[in-house]
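J.: Before I ask anything, let me first share the structure, which is written out below as structure tokens.
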Amino acid sequence: MTTMSREQQVSAVFVQVADSLIDDFDLIEFLQQLCGHCVMLLDVSAAGILLADERDILQTVAASDETTEMLELFALQHDQGPCLECYSSGRARTNIDLGNSAAVSAWPAFAAQARRSGLHTSHVFPLRLRDRAVGALNLFHHGSQSLTSQDASLAQALADVATIALLQQRDIGREQQEKAQLQYALTSRITIEQAKGILAERWNSTPDTAFRALRSYARTHQLRVSDCARGIIDQTLDTDDIPHP
């Protein structure tokens, strides 16, 4: 990796994003590698990525080293730090002097812990989905180095790349969920058709009439039609309880 040019490293990142289209793509491994790319490409000392869970709570998912991971956990436990601020505001913030009390007035405990960890400058970038953040990318320097505007643009691009990979995986999960829901709907429909046949035969009525009666019973009792149908088939629901049409 050290022999690769900056352009080659950027290209490698986007190749990995393309690989995220496959089903067995390891998202966490990708994010871990992305932290390494940030350190190499942006000449920072450390990098970490936090993502919001379904409860809108940030969780550490990747870090370039254990010190950064522990610092991110400290931020989450104490509910303060540039990463939480970035996630909340959706705005990037660069060249934060962690020794400047005015710059870190909103999170002094985090800044003190960072300095104890040997980190003195921070930069944060949101993982953005249109107009909202879904996480944050944290970058640190051991010294007082600054990010140039060009490096800041690249850092935001890398954060956006992380979001693309993340959402691609969420899309795959959603597609699988939709497939499961579709299969459930198909199975439920078969069950209902079987129950309609049972009722129609017992009542000597048409299947449509049987279905209307079944649906009316389900609505009256605030049940799903498919659950009522299943009860008829497994004989846990007495058909005599369903008013004859």
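J.: Read through the list (1) under 26 Å from ILE232 (Cα atoms); (2) open to solvent by less than 50 Å² (accessible area, probe 1.4 Å); (3) modelled with pLDDT under 80, then give the number of the only condition that ALA165 fails.
T.: With respect to (1) under 26 Å from ILE232 (Cα atoms); (2) open to solvent by less than 50 Å² (accessible area, probe 1.4 Å); (3) modelled with pLDDT under 80, ALA165 is out only on (1).
J.: Within region 118-143, work out how many residues are at pLDDT below 90 and loosely packed, with under 13 Cβ neighbours inside 10 Å.
T.: 3
J.: Within region 219-239, count every residue that is within 39 Å of the chain's Cα centre (by Cα), in a loop (DSSP other than H, G, I, E, B) and surrounded by 17 or more Cβ atoms within 10 Å (Cβ to Cβ).
T.: Residues that pass the stated criteria total 0.
J.: Another question, if that's okay. Given the residues GLY90, GLY81, which is the only one that is open to solvent by less than 70 Å² (accessible area, probe 1.4 Å) and at pLDDT 95 or above? Spell out the reasoning first.
T.: On the way: GLY90 fails: at pLDDT 95 or above.
It is GLY81.
J.: Here is a follow-up. Evaluate region 152-162: report whether one residue or more is in the same structural domain as SER11 (by TED's automatic domain parsing), aliphatic (A, V, I, L, M), part of a strand (DSSP E or B) and open to solvent by less than 10 Å² (accessible area, probe 1.4 Å).
T.: Looking only at region 152-162, we keep the residues that are in the same structural domain as SER11 (by TED's automatic domain parsing), and these are 152-162.
Now narrow it down to the ones that are aliphatic (A, V, I, L, M): 152, 154-155, 157-159, 161-162.
Those left that are additionally part of a strand (DSSP E or B): none.
So far as region 152-162 goes, no, none of its residues is in the same structural domain as SER11 (by TED's automatic domain parsing), aliphatic (A, V, I, L, M), part of a strand (DSSP E or B) and open to solvent by less than 10 Å² (accessible area, probe 1.4 Å).
J.: Given (1) outside any helix (DSSP H, G or I); (2) closer than 19 Å to VAL13 by Cβ; (3) open to solvent by 40 Å² or more (accessible area, probe 1.4 Å), identify the lone condition not met by MET40.
T.: The one condition MET40 does not meet is (1).
Matching residues to (1) more than 23 Å from VAL39 (Cβ to Cβ); (2) assigned to a helix (DSSP H, G or I); (3) assigned by TED's automatic domain parsing to the domain that holds ARG128:
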residue	(1), (2), (3)
ALA75	no, yes, yes
LEU84	no, yes, yes
TYR87	no, yes, yes
THR94	no, no, yes
GLY99	no, no, yes
ALA102	yes, no, yes
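J.: So which of ILE190, ILE198 is modelled with pLDDT of 90 or more and either assigned to a helix (DSSP H, G or I) or surrounded by 11 or more Cβ atoms within 10 Å (Cβ to Cβ) (or both)?
T.: Details: ILE190 fails: modelled with pLDDT of 90 or more.
Checking each option against the conditions leaves just ILE198.
J.: So which residues in region 33-64 are among the charged types (D, E, K, R) and in contact with a strand residue (DSSP E or B) (Cβ under 6 Å, 6 or more places away or on another chain)?
T.: Step one: filter region 33-64 for residues among the charged types (D, E, K, R), giving 43, 53-56.
The answer is ASP53, and nothing else.
J.: Now for a different question. Out of the residues in region 86-132 that are free of Cβ contacts under 8 Å to residues at least 24 places away in the same chain and of a type in the set (D, E, K, R), state the one that is farthest from ALA157 (Cα to Cα).
T.: ARG116
The values are calculated or read from the model by the stated rules, or taken from the named source; none is laboratory data. All of these numbers come straight from a predicted model, not from anything done at the bench. With ideal geometry, Cβ positions are generated from the backbone for all residues, glycine too; neighbour counts draw on all protein chains shown. When the accessible area is computed, the model is the full protein with side chains, heavy atoms only, and any ligands, DNA or RNA have been set aside. Shrake-Rupley method; radii C 1.70, N 1.55, O 1.52, S 1.80 Å.
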